[in-house]
Amino acid sequence: MRIGSGYDVHAFVSGRPLVLGGVQIPFDEGLAGHSDADVLTHALMDALLSAMRMGDIGALFPDTDPVYAGADSIALLEYVATVMADAGWRLVDADTILVLERPRIAPYREEMRERLAGALGVGVECVGVKATTTEGLGFAGREEGVAAHAVVLLDRAGTSGERVG
Ligand code: MG
């Protein structure tokens, strides 16, 4: 088995859609970034790549490459899932945390889990999403941006019986 952790931050900026966990959320600001700046999906991809000891998404999808301008991060996650399968790894479980003051995530949480699990080809019970505030402290507390943490557990495909999901 392998574990991986991922962390990402993007700054709020006006004039961009807010996409978190593959779900576009109505809000007065979005996140700055080369791709769609889906900070949650980025942290999850980094956790998966880290567990496979394959570096990070900056190496896999360079932000200097115009191909990834405005990229749909869920499509990038689907690609990471194929890399994972090709390398003989299987996702056992993933859990994530969004760190932000606003907007409220609860109404979108289940849709995020479904989007992420769908991209990874696992059951929705294998993907956790929750959100927390920082009580007004730090960049997230000042509503300057959003942070996301992710942890994953992988095992070798075919080594522990039936697929968990
Ligand atoms: Mg990012």
If the viscosity is 1.567 mPa s and the temperature 4 °C, what translational diffusion coefficient in µm²/s does Stokes-Einstein give for region 13-95 when Rh comes from Kirkwood over Cα pairs?
-> 97 µm²/s
Scoring only Lys, Arg, Asp and Glu (+1, +1, -1, -1) among other residues with Cβ under 13 Å from the Cβ of Leu40 yields -2
Pop a pseudo-label 7 angstrom from the Cα along the beta-carbon direction at both Glu144 and Ala106 and give the gap in nm to one decimal.
-> 2.9 nm
Mean shadow area (nm²) of the C-alpha convex hull around the chain is 9.0 nm²
Sort 132-138, 74-80, 25-31 for me by packing, meaning the mean count of neighbouring Cβ atoms within 10 Å per residue, highest on top.
-> 74-80, 25-31, 132-138
Per DSSP, loop trypsin sites (Lys or Arg not before Pro) in region 66-165 with at most 16 further Cβ within 10 Å | Arg104, Arg142, Arg163
Counting Lys and Arg as +1 and Asp and Glu as -1, each charge on the Cβ, what is the dipole of the chain about the Cα centre in debye, to the nearest 20?
-> 340 debye
Furthest towards positive pole of dipole, Leu120, Leu137, Phe61, structure part the chain, Cβ charges | Leu120
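Taken together, the values in this text are just the output of simple stated rules run on the coordinates, not laboratory data. Remember, it's a predicted structure, so these values are computed and weren't measured experimentally. Note: ideal-geometry Cβ built from the backbone for every residue, glycine included; neighbour counts use all protein chains shown.
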